[in-house]
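**Student:** Take this structure first; my questions come after.
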There are 2 protein chains.
Amino acid sequence: MQFKKLHTEMYSKARAGLISTDHGEIETPIFMPVGTQATVKTLSPQDLKEIQARIILGNTYHLYLRPGHELISNFGGLHQFMGWNGPILTDSGGYQVFSLKDLRKIDEEGVTFRSHLDGSSHRFTPEHVFEIQRHLGSDIMMVLDECPPYPSTREYAEKSNAITIKWAGIQRELYEKKRPVHGYSQWLFGIVQGSVYEDIRTYSAEELIKMDFPGYAIGGLAVGEPKEDMYRLTDLCTGILPENKPRYLMGVGTPEDLLESIERGVDMFDCVMPTRNARNGTVFTANGKMVLKAARFREDPKPIDSACACYTCSNFSRAYLRHLYNTNEILGLRLSTLHNLHFYLWLVRQARTHILENSFSEWKKNILPKVTSIIKN
Amino acid sequence: MQFKKLHTEMYSKARAGLISTDHGEIETPIFMPVGTQATVKTLSPQDLKEIQARIILGNTYHLYLRPGHELISNFGGLHQFMGWNGPILTDSGGYQVFSLKDLRKIDEEGVTFRSHLDGSSHRFTPEHVFEIQRHLGSDIMMVLDECPPYPSTREYAEKSNAITIKWAGIQRELYEKKRPVHGYSQWLFGIVQGSVYEDIRTYSAEELIKMDFPGYAIGGLAVGEPKEDMYRLTDLCTGILPENKPRYLMGVGTPEDLLESIERGVDMFDCVMPTRNARNGTVFTANGKMVLKAARFREDPKPIDSACACYTCSNFSRAYLRHLYNTNEILGLRLSTLHNLHFYLWLVRQARTHILENSFSEWKKNILPKVTSIIKN
């Protein structure tokens, strides 16, 4: 596996790059559709190919509970199990476990938690999570970290980060020693934490860099802090992280967030927003977002976006989509999901083209007011 | 529009035919996937093309309530509205309205009912239902009839049939006078009723034949009567109905029912079984049916049916499909629906091929014990 930084825009930190994996190449910046339970909700692998998805994300916590990583491993890994032959990134499961609040207990060696499904007791340690992901066979594995909630005190953030760094070290060593289970290469990314504290973020990044990971994520953002903090801390981290390694901003975000973060030097994104919002009837376009259920679209013969080339916009009216939502028809969820992901992937492809032509900053300035508006007709 | 009977098998009444509509040709016998609310649940028009669906069914009652036939008409008809450019048949809405039981009242001129959605009051008359279907723009419209419940007394069946015949006459006359709304041809089918009473069925068929409809349906079966009655009455009706007109057995049925009815001279079928059962996790194959949720499929790497050429069987294991059901993932509903409809359409294509080769009866004898069995491994 390999990452090549191809170009940085003359007027910003925005980068165009290329990640090569044993399951295919990924042009960056890239958005990764979230496929929590071995499926990007409502879509088939064929749909994902059609919207030019290049890498998808799986959730270790969910896959560990159902159907179990051993079962998936027996199928030759997650790619084979779910019929997706492109690259896959798995998270560490940490974020989900720490979100369980009353159902989990952290100590220096790991975290004990109860399943949200049946209350059964489980334990994630750095060693265990690493093994799970090896067996899932993701192209990119993430270290187990602790993601402090917002707000966190400086004290808590410091203590939490010490554990995260310690765990990162354990996993980095395992990564050195262990061979892939399924015969193809896997990468392990470190995750920068530190809440909103610049010095802790800096320390976290520097410690991880010493360990020399194949790539770095920025975690613990988009958890409720003001947007300015998110952008500022992203900027700080990308300023420290090495130029020749991919950077992944976890759990982000809106179209606006993507543009702002690409400008600050981020290469990879994932977020449930395009898929979850689609299922709630909210769709994104280059001209803003719209709530398809609104009565004003009842007889609207226009597609969501007449400039969009996706299957949904090529074939169906807003009125038809609204009808599908109105009647609780599953096809509506799928057609909107397809559109939203198509748009997110179009957006990052556009960004890349403009980066390569040194026109990203200009393009971003023009498109930003549009993507953040609300479409009324 | 046109129907050509091409061949009757030497050893049975099984027929192969060809229906030509302004939206394409339909080789018979054919199964029509049910698209109640302007969508075959979980599938896109593209999916329907891929499984070689040739004609789908829409439900007048549902479309009248949501989004309304005027709205659909303003879009140029149901084909345009839902993005399906193949033939469509609409039912009359009668079956749904009469199923409302306490919410409807029949008189000689029509039926007054309350919407199951909001309790609002509506009235269907032969004239109104005919107008709704003209505006929906279905290729094949059905007359408003009364479908007597099972069991019904002879007295009730006779009285009900008199109304059905009267309404059929009214609609047949309107069909003669009125031009299509959307510029392409529409057919109107009469519906033979008469519950389980052979003489009433005979009378019903003969009266309708006098009116010379483009095609005839057999209604009021598969409503709870014993299978023997259903097959016997189907046989009776096809014995009376003209050879040169298509025959449609409404709401039928299991793979077994299709084979038995094709043998008795039926050309067209519709049923929610393949779609509804798919959503419940039951799939059909040439070797029987299986309940995908069963624990024994937890680690089963085989497809539903290794001989099946559908997208689902070409790409996914029983274990993966079971996982999707287990985690309530929408993709599971879609992949199973796709498979089940693919199987039903494969079954009628196979039947047709065998009819043309005079091997239908032999083939049916061999496949019947298989399709009615339960797959355990």
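**Student:** Semi-axes, largest first, in whole Å: what does sqrt of 5 times each Cα gyration tensor eigenvalue give for the range B:1-110?
**Tutor:** Working: eigenvalues 157, 85, 34 Å².
So the three semi-axes of the range B:1-110 are 28, 21, 13 Å.
**Student:** Could I ask something else about it? Please report the antiparallel percentage of the DSSP beta bridges confined to the protein assembly as shown, to the nearest 5. Please list the in-between numbers first.
**Tutor:** Numbers: 45 of 89 bridges.
That works out to approximately 50 percent antiparallel.
**Student:** Right, next: For chain B, what is the mean residue ellipticity at 222 nm derived from helices alone (per DSSP H run of n ≥ 4: -39500 (n - 2.57); sum divided by total residues; nearest 500 deg cm²/dmol)? Present the calculation step by step, with values, prior to reporting the outcome.
**Tutor:** On the way: 15 runs with 160 residues, N = 377.
Rounded to the nearest 500, it is -12500 deg cm²/dmol.
**Student:** How far apart, in nm, are two points set 7 Å out from the Cα along the Cα-to-Cβ line at A:ALA309 and at A:ARG296?
**Tutor:** Going from the A:ALA309 label point to the A:ARG296 one covers 3.0 nm.
**Student:** For a quick check of understanding: with a 1.4 angstrom probe and all protein chains in place, what accessible area in square angstrom does A:SER73 have, to the nearest ten?
**Tutor:** 20
**Student:** Would you give the gap between the C-alpha center of the range B:59-78 and the C-alpha center of the range B:166-211, rounded to a whole Å?
**Tutor:** Their Cα centres are 22 Å away from one another.
**Student:** Compute the separation of the alpha-carbon centres of the range B:114-147 and the range B:279-301 and state it in Å as a whole number.
**Tutor:** When both Cα centres are located, 38 Å separates them.
**Student:** Follow-up question, since we're still on this one. Calculate what fraction, in whole %, of the accessible area of the range A:284-377 sits on carbon and sulfur atoms when a 1.4 Å probe is rolled over the protein chains. List each step's numbers first, then the result.
**Tutor:** Working: 1860 of 3730 Å².
Summing carbon and sulfur atoms, their accessible area is 50 percent of the total for the range A:284-377.
**Student:** Just the ratio, please: alpha-carbon radius of gyration of chain B over 2.2 N^0.38 Å, N its number of residues.
**Tutor:** Values: Rg = 20.3 Å, N = 377, 2.2 N^0.38 = 21.0 Å.
In units of the globular-protein estimate, chain B measures up at 0.97.
**Student:** Also: Which residue of chain B is nearest the rotation axis onto chain A, counting by its Cβ, and what is the distance in whole Å?
**Tutor:** Closest Cβ on chain B to the axis mapping it onto A, in Å: B:ILE330, 3.
**Student:** Could you give the accessible area per residue of the protein assembly as shown, probe 1.4 Å, as a whole number in Å²?
**Tutor:** 37
**Student:** Quick one: divide the alpha-carbon radius of gyration of the range B:170-316 by 2.2 N^0.38 Å and tell me what you get.
**Tutor:** Details: Rg = 19.6 Å, N = 147, 2.2 N^0.38 = 14.7 Å.
The value comes to 1.34.
**Student:** State, as an integer percentage, the relative contact order of chain A based on alpha-carbon contacts under 8 Å between residues 6 or more apart.
**Tutor:** On the way: 747 pairs, mean separation 68.4, N = 377.
Computed over chain A, the figure is 18 percent.
**Student:** Compare each residue of the range A:68-91 in its chain alone against the assembly with all protein chains, and report those whose accessible area goes down by 30 Å² or more; 1.4 Å probe, heavy atoms.
**Tutor:** A:LEU71, A:PHE75, A:PHE81
**Student:** Jot down the radius of gyration and Dmax of the range A:166-256, Cα atoms only, both in angstrom.
**Tutor:** 14.1, 43
**Student:** Return the whole-Å distance between the Cα centroid of the range B:344-374 and the Cα centroid of the range B:304-340.
**Tutor:** Value for the Cα centre distance between the two parts: 24 Å.
**Student:** In the range B:108-228, carbon and sulfur make up what percent of the accessible area (probe 1.4 Å)? Each step should come with its number before you reach the end.
**Tutor:** Details: 2610 of 4870 Å².
The computed percentage sits at 54.
**Student:** Using the Cα atoms of the range A:272-377 to build a convex hull, what is its mean projected area in square nanometres?
**Tutor:** Details: hull surface 25.4 nm².
Value for the range A:272-377: 6.4 nm².
**Student:** So, one more: Probe 1.4 Å, all protein chains in place: accessible area of B:GLU176 in Å², nearest 10?
**Tutor:** 120
**Student:** Given the whole protein assembly as supplied and a 1.4 Å probe, what does the accessible area of B:PHE75 come to in Å², nearest 10?
**Tutor:** Accessible area of B:PHE75: about 40 Å².
**Student:** Debye sum, Cα scatterers, the range B:289-333, no solvent: what log₁₀ I/I(0) at q = 0.14 1/Å?
**Tutor:** Calculated log10 I(q)/I(0) at the listed q: -0.27.
**Student:** How far is it, in nm, from the label point at B:LYS365 to the one at B:ASP235 when both lie 7 Å from their Cα along the line to the Cβ?
**Tutor:** Reported label-point gap for B:LYS365 and B:ASP235 is 1.6 nm.
**Student:** Leaving out ligands, DNA and RNA, calculate the buried accessible area for the pair B and A with a 1.4 Å probe, summed over both sides, in Å² to the nearest 100. List each step's numbers first, then the result.
**Tutor:** Details: alone 15480 and 15480 Å², together 27690 Å².
Separately minus together, B and A give about 3300 Å² buried.
**Student:** In 10 Å bins starting at zero, report the fraction of Cα pairs in the protein assembly as shown per bin as a rounded %.
**Tutor:** Whole-percent P(r) values from 0 Å outward: 3, 13, 21, 21, 16, 12, 9, 5, 1, 0.
The values are calculated or read from the model by the stated rules, or taken from the named source; none is laboratory data. For clarity, every value in this text was computed on a predicted model and none was experimentally measured. Glycine gets a Cβ as well: all are built from the backbone with ideal geometry, and neighbour counts include every protein chain shown. When the accessible area is computed, the model is the full protein with side chains, heavy atoms only, and any ligands, DNA or RNA have been set aside. Shrake-Rupley method; radii C 1.70, N 1.55, O 1.52, S 1.80 Å.
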